[in-house]
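Step one of this worksheet: look at the structure below.
The values are calculated or read from the model by the stated rules, or taken from the named source; none is laboratory data. Here the structure is a predicted model, which is why all the values come from computation and not from measurement. Glycine gets a Cβ as well: all are built from the backbone with ideal geometry, and neighbour counts include every protein chain shown.
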Amino acid sequence: MKKAVILFSGGLDSTTCLALAKSQGFSCYAVSFDYGQKHSVELSAAIRIAETFQAKHVIITIPNNQFSGSALTDSTIAVPDFNHSSNIPVTYVPARNTIFLSFALGLAESLQAKDIFIGVSAIDYSGYPDCRPEYIAAFQTLANLATKAGVEEGNIKIHSPLIYLNKADTIKLGLSLGVNYAHTISCYKANKDGHACGKCDSCYLRKKGFLDAGVADPTLYYSV
C-alpha cells in the first residue's frame, strides 16, 4: 500500500483528513504534537481515533518554550471568545504549521512516502496565514526542493483536501466516510474531560458547521 503522513490533532478537520486518506487506500501514519498547548486533552482523542482508523500513530514532543506569545500556549494570555475580528487572532501559534509540516516531511521521506495530508481550510477559519492555499503551494515547492526524495524523484504532494470547503461541507464529507465527530476535540479551552467551552473561535466554527450542515452537534459542552 502507498503510505501517507497525516498531521493529526484529534480534531474535526484532521480526523476528516485521516478518514479521507484511508478511504483512498493509503496506509496512514498519523502525527500529533505535544507543544505545550493548553488543550492537550486533544492528544487523548487523537490516540483513540487513530486506533479506530487502524493508523500508525506517533506523538512528537516539542519544547514548551518553542511557541510563546500565543493564547494556546502562554498561561498569561487568555483564550478569547469568538469576536468576528478580521485580524490574525491571539490564538495564532508562531510558524506552527511550518514546523509541523517539516516534521511530517522528514517522517514521510524516511518512510518513502510521497503524500502528506493537512486539514487546513481557507474558508471557515480564524485567519491564520499558514492555512492559505499559497502557503500550501509554497511548502510543496519547498518539499520537492529540500529533500533527496524530492530532488531525485519529485512528486511529493501536500494534500489539503479541506482548503476550499466550509465547515458544513467538511462535516458532510466526514460523515460520508464514517467519522464519528463525537470522538473529536476541537475546543481551545477543552477541559480535562474533553468537554468544549462553546465560545472560542474553534467552537464557534464547529457549532456553525453542524448547524449549517443540518446535523445534530454531538459535542459535549461545559458552557454555552
Residue hits (segment 60-81; surrounded by fewer than 17 Cβ atoms within 10 Å (Cβ to Cβ), part of a loop (DSSP other than H, G, I, E, B) and in contact (Cβ under 8 Å) with a residue 40 or more places away in the chain) are 80, 81
Here the residues within segment 1-52 that are modelled with pLDDT under 95 and farther than 22 Å from residue 63 by Cβ are 1
- Any hit, segment 32-39, residues being in a strand (DSSP E or B), touching a residue at least 12 places away in the same chain (Cβ under 8 Å) and touching a Lys or Arg at 6+ places or on another chain (Cβ under 7 Å): no
Within segment 124-157, of all residues that are out of contact with any Lys or Arg (no Cβ under 8 Å at 6 or more places or on another chain) and of a type in the set (Val, Ile, Thr), the one farthest from residue 84 (Cα to Cα) is 151
Over segment 170-220, the set of residues among the aromatic types (Phe, Trp, Tyr) and touching a His at 6+ places or on another chain (Cβ under 6 Å) is 188
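I need the full set of residues from segment 166-193 which are crowded, with 20+ Cβ neighbours inside 10 Å and either not in a helix (DSSP H, G or I) or not charged (D, E, K, R) (or both), in order please.
Residues satisfying the conditions are 170, 171, 174, 179, 181, 184, 185, 186, 187, 188, 189, 190.
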Residue count, segment 100-121, condition over 13 Å from the mean Cα position of the chain (by Cα) and either over 21 Å from residue 55 (Cβ atoms) or in a helix (DSSP H, G or I) (or both), comes to 9
Exactly one of 10, 25 is part of a loop (DSSP other than H, G, I, E, B), small (Gly, Ala, Ser) and over 26 Å from residue 168 (Cβ atoms), and that residue is 25
Output for Cβ contacts, cut-off 6 Å, separation at least six or different chains, first residue farther than 15 Å from residue 10 by Cβ in segment 184-200, second part of a loop (DSSP other than H, G, I, E, B) and among the hydrophobic types (A, V, I, L, M, F, W, C), reads 189/79; 189/197; 189/200; 197/187; 198/224; 200/79
Of the residues in segment 194-224 that are at pLDDT 95 or above and of a type in the set (Asp, Glu), the one that is nearest to residue 39 (Cα to Cα) is 217
Across (1) touching a residue at least 24 places away in the same chain (Cβ under 8 Å); (2) of a type in the set (Lys, Arg); (3) under 28 Å from residue 79 (Cα atoms), residue 132 clears everything bar (1)
